[in-house]
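What follows is one structure encoded as structure tokens, with my remarks underneath.
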Amino acid sequence: MVLKIVKYNAGNIQSVLFALERIGVEAEVTDDVEELQTADKVIFPGVGEASTAMEYLKARKLDQVIKELKQPVLGVCLGMQLMCAYSEENDTTCLGIFEEQVLRFESNGSQLKVPQMGWNTIYDLKSPLMKNVREDSYCYFVHSYYASLGEHTIATTDYTKPFSAALNKGNFYGVQFHTEKSADVGEQILKNFIEIQPKP
Amino acid sequence: MKELINDSARLSGSPLRGRGGLTKRIIPCLDIKDGRTVKGVNFENIRDAGDPVELGALYAQQGADELVFLDITATVEKRKTLSQLVNRIAHKINIPFTVGGGIGSVEDVSVLLQNGADKISVNTAAFKNPLLLNQLSKEFGSQCVVLAIDTKQEEDGEWYVYLNGGRTKTEAKCFDWAKEAVDRGAGEILLTSMNNDGTKKGFALDITRTLSTNLPVPVIASGGGGTMEHFTDVFEQGKADAALAASIFHFKEIAIPGLKGYLRDKGIVVRL
């Protein structure tokens, strides 16, 4: 199996590589269009700011490439948000793979700290991506923006309101939490993604 | 497109059904010198508590929510935290970790993040050059910028900022500096009370609460945790988002699973 990680101007790529290494999976980081198109699976990671990331992707035509991938694709954190239709973060039009909108948590003083930083539970789990993951498992989140709930939601988390902790539409998967930092649960979800069979 | 997002999008979906929500975090701190973990009492009398990578992995396995690695000698001896050690830690550990000690530039941070650190903490260098916080948050995002403050309550009742591992007093008040730092882009505060550190008589509840209830970022309380009850106090009375301790974990005075079970029984939301 050839697993490629999309190289762009966003953090946490190294952490994703290390996490894959811990579960015994090799991966390569690349922004080469053909390498991404011919990979068996693609991970689209990300920590950073939406508009800057989208500009970078567009400049390299990676926006179009990612949208048109046919193999299983996993977006992580900002990667998942960029796969949605739109982000309030600097009024950014995103890839539009998922119709869900990305909104900002509204801070109400010290009662709600933004970003949400730390461990929270995921529930209402659906899809093979969540195989062998218990309801109300803890995952590690760091984010100021969230994807709203929608028809593609496959895991839900509450931070004053319920939001999409994970999304799935066809061959595209996205997780808001950091699989690479979510201890055993995160490793299980990465393994599940590796085991997802591409549709013939 | 922005105007298309209406209230129904914001309010969509079910009522809250997750169990508990965001947890309080328990963070073992591994002070590093020459690649080994150490812990001083009031920053003195250093004792050896093992290999940082192995110890960190053990804590992760036991249910620690994050780890902090502080190169305690770095500032004084002008050494850089070893990026190689960070790389070894990142290979092994599957929970987030912060690296601090002697970090003074965007370049220092870039190297540590590239080697797998999730967050970095800055202390003296940020106080001396507050613009560093603006630069770091712009370059890497606030989520990975932790401001560490060593603070001491003087006889006048005020909490002052200390630098260089607690050796240099400043005239700056703790809250003022914390607020400025957050305005400049610090995403989290690691607050160490020098009055409490090493005493095992409990965390500094008042100053922790002052920061945590007046700033929009998480506050990690550090210094003084000696019993399980101290952790309940710092979460309930101190309103801390996370609590950090070192020697009580290193010397097995408190085990993390036992501590978390205790906290859960007290009604505090923790990851178990």
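The values are calculated or read from the model by the stated rules, or taken from the named source; none is laboratory data. Remember, it's a predicted structure, so these values are computed and weren't measured experimentally. No Cβ is skipped: glycine too gets one built from the backbone with ideal geometry, and neighbour counts run over all protein chains shown. Note: areas computed on protein heavy atoms with side chains; ligands, DNA, RNA excluded. Shrake-Rupley method; radii C 1.70, N 1.55, O 1.52, S 1.80 Å.
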Taking a probe of 1.4 Å, how large is the accessible area per residue of the range B:152-268, in Å²?
40
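Report the charge-dipole magnitude of the protein assembly as shown in Debye, nearest 20, computed about the Cα centre from +1 at each Lys and Arg Cβ and -1 at each Asp and Glu Cβ.
On the way: 52 positive and 61 negative charges, 126 e Å.
Here the protein assembly as shown has a charge dipole of around 600 debye.
Determine the calculated [θ] at 222 nm for chain A from helices alone, applying -39500 (n - 2.57) to every DSSP H run no shorter than 4 residues and normalising by the residue count; nearest 500 deg cm²/dmol. Mind showing how you got there, number by number?
On the way: 6 runs with 50 residues, N = 200.
Result for chain A, helices only: -7000 deg cm²/dmol.
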Interchain or sequence-distant (5+) residues whose placed amide H lies within less than 5 Å of the amide H of B:Phe97 are B:Leu67, B:Asp118, B:Lys119
Listed residue (A:Tyr56, A:Pro72, A:Ala85) projecting farthest to the positive dipole end of the range A:3-195, Cβ model
A:Pro72
Charge dipole of the range B:21-265 built from unit charges on the beta carbon (Lys, Arg +1; Asp, Glu -1), centred at mean Cα; most positive-end Cα among B:Val109, B:Leu263, B:Thr227 is B:Val109
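Just the number, please: buried accessible area between B and A, total of both chains, 1.4 angstrom probe, nearest 100 square angstrom.
Details: alone 13430 and 9230 Å², together 18820 Å².
Roughly 3800 Å² of accessible surface disappears when B and A pair.
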If you take the Cα Rg of chain A and divide it by 2.2 N^0.38 Å, with N the number of residues, what do you get?
0.94
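Hey, what's the range A:3-195 come to in accessible area per residue, 1.4 Å probe, Å²? Please report the intermediate quantities before stating the final value.
Details: 6550 Å² over 193 residues.
Per-residue value: 34 Å².
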Counting only residues 5 or more places away or on other chains, whose amide H sits under 5 Å from the amide H of A:Phe98 once H atoms are built in the peptide plane?
A:Cys84, A:Ala85
Chymotrypsin sites (Phe, Trp or Tyr not before Pro) in the range B:194-272 lying in a DSSP loop, each with at most 11 other Cβ atoms within 10 Å of its Cβ, come to B:Phe251
Inverse of <1/r> over all distinct C-alpha pairs of the protein assembly as shown, i.e. the Kirkwood Rh in Å, gives 22.5
Once you have a ≥ b ≥ c as the square roots of the Cα gyration tensor eigenvalues for the range B:21-265, tell me rounded if a/c is under 1.5, and otherwise prolate or oblate according to whether a/b is larger than b/c.
rounded
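Share of the range A:3-195's accessible area from carbon and sulfur, percent, 1.4 Å? Kindly include the intermediate steps, with their values, before the conclusion.
Working: 2840 of 6550 Å².
C and S atoms contribute 43 percent here.
Could you pull out the GluC sites (Glu not before Pro) across the range B:193-268 that fall in loop regions by DSSP (anything but H, G, I, E, B) with no more than 15 other Cβ atoms inside 10 Å?
On the way: sites: B:Glu229, B:Glu236, B:Glu253; in loops: B:Glu253.
Answer by residue number: B:Glu253.
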Given contacts defined as C-alpha pairs under 8 Å and at least six residues apart, what's the relative contact order of the range A:1-148, whole-number percent?
18
Surpassing 21 Å at the alpha-carbon level, of the pairs A:Lys113/B:Lys201; B:Lys201/B:Lys239; A:Lys113/B:Lys128; A:Lys113/B:Lys138; A:Lys161/B:Lys24; B:Lys179/B:Lys239, are A:Lys113/B:Lys201; A:Lys113/B:Lys128
Buried on assembly, the range A:4-19 (at least 50 Å² less accessible surface than by itself, 1.4 Å probe)
A:Phe18
